[in-house]
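Student: My structure is below; once you've seen it, I'll send some questions.
The values are calculated or read from the model by the stated rules, or taken from the named source; none is laboratory data. What you see is a predicted model; the values in this text were computed from it and never measured. Backbone-built Cβ (ideal geometry, glycine too); neighbour counts: all protein chains shown.
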Amino acid sequence: MDMPGPTLNAKVAAIALLLGAATLHLTNQLDQALVPIRLLTLGVLVMGAWAFSDEMGIRKPLVRAAFICFVFSMAALAVMILEPHGPDIAKYGLLYAMTLLLAVLIWSAAFLHRQKNLKIVGTLGAVASLLPIVVIIAGHASVGAAAWFGVTTLLYPDGESTLLGSAPVNVVESVFLVWCLAAAVFLLKGQVVGSLP
């Protein structure tokens, strides 16, 4: 059975997610002075996530829950961009990392209810996002585990460096970038259809 071609919504979602994730990861490695570009990137990512969720079926509970987690992550990231050395920046960093990983995990779980190719991406996305979530929780629960897994950077960044561009945030953003690439491929093939169970 041939799948229909991608809808305009799927094309917008694919391009916005991929472009936004790549730009976000790149700008977080650079100087803090790129605040306008970073904020524009957040807007592109939210638009892409909204189009993606609409394509997946926004009325489905998993898709809706993932979108809400994603919006929380973007709100936390906006605070981190606007106040990079604020007193509670570590809390926003933890919120950003956890909710972005939760969004990827829940969207990946929604992929498990689709055709075979998407089930593979869903499984890989779930594993790739679940492992850092477990590490963050273990690190948060125990200072010893935090030091072992390097999560202390998320919980207690030193005053010299910014949280964006740190190793734990890079891992989270890399998982998100690879997941966006896989989702974009299936979006452009027209295989992410909201009418599927």
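Student: From the list Leu18, Leu40, pick out the single residue that is among the hydrophobic types (A, V, I, L, M, F, W, C) and either closer than 18 Å to Leu101 by Cα or touching a Phe, Trp or Tyr at 6+ places or on another chain (Cβ under 9 Å) (or both).
Tutor: Leu18
Student: Scan the range 25-34 and give yes if some residue there is of a type outside the set (D, E, K, R), closer than 16 Å to Phe176 by Cα and surrounded by fewer than 18 Cβ atoms within 10 Å (Cβ to Cβ), otherwise no.
Tutor: Yes, because at least one residue in the range 25-34 is of a type outside the set (D, E, K, R), closer than 16 Å to Phe176 by Cα and surrounded by fewer than 18 Cβ atoms within 10 Å (Cβ to Cβ).
Student: Also: Those residues that are within 16 Å of Leu24 (Cα to Cα) and touching a Pro at 6+ places or on another chain (Cβ under 9 Å), I need them from the range 70-106; list them, please.
Tutor: Gly93, Ala97, Leu101
Student: Checking the structure you have, find out if any residue of the range 140-157 is assigned to a helix (DSSP H, G or I) and at pLDDT 65 or above.
Tutor: Looking only at the range 140-157, we keep the residues that are assigned to a helix (DSSP H, G or I), and these are 140-141, 143-149, 152-155.
Going one step further and asking which of them are at pLDDT 65 or above, we end up with none.
No, that holds for no residue.
Student: Let me ask something else. When the residues of the range 78-102 are narrowed to those that are within 14 Å of the chain's Cα centre (by Cα) and touching a residue at least 40 places away in the same chain (Cβ under 8 Å), which ends up surrounded by the fewest Cβ atoms within 10 Å (Cβ to Cβ)?
Tutor: Filtering the range 78-102 for residues that are within 14 Å of the chain's Cα centre (by Cα) and touching a residue at least 40 places away in the same chain (Cβ under 8 Å), the one surrounded by the fewest Cβ atoms within 10 Å (Cβ to Cβ) comes out as Leu94.
Student: Going by the structure shown, is Asp54 at pLDDT below 85 and of a type in the set (Asp, Glu)?
Tutor: When the stated conditions are applied, Asp54 does not pass them.
Student: Further, regarding this structure: Within the range 31-49, identify whether any single residue is without any contact (Cβ under 8 Å) to a residue 12 or more places away in the chain and closer than 20 Å to Pro168 by Cα, and answer yes or no.
Tutor: So in the range 31-49, the residues without any contact (Cβ under 8 Å) to a residue 12 or more places away in the chain come out as 31, 33-34, 36, 40, 43.
Okay, now just the ones that are also closer than 20 Å to Pro168 by Cα, so 31.
For the range 31-49, residues without any contact (Cβ under 8 Å) to a residue 12 or more places away in the chain and closer than 20 Å to Pro168 by Cα: present.
Student: Go through the range 35-44 and give me each residue that's buried (at least 16 other Cβ atoms within 10 Å of the Cβ) and at pLDDT 90 or above.
Tutor: Selection gives Thr41, Leu42, Val44.
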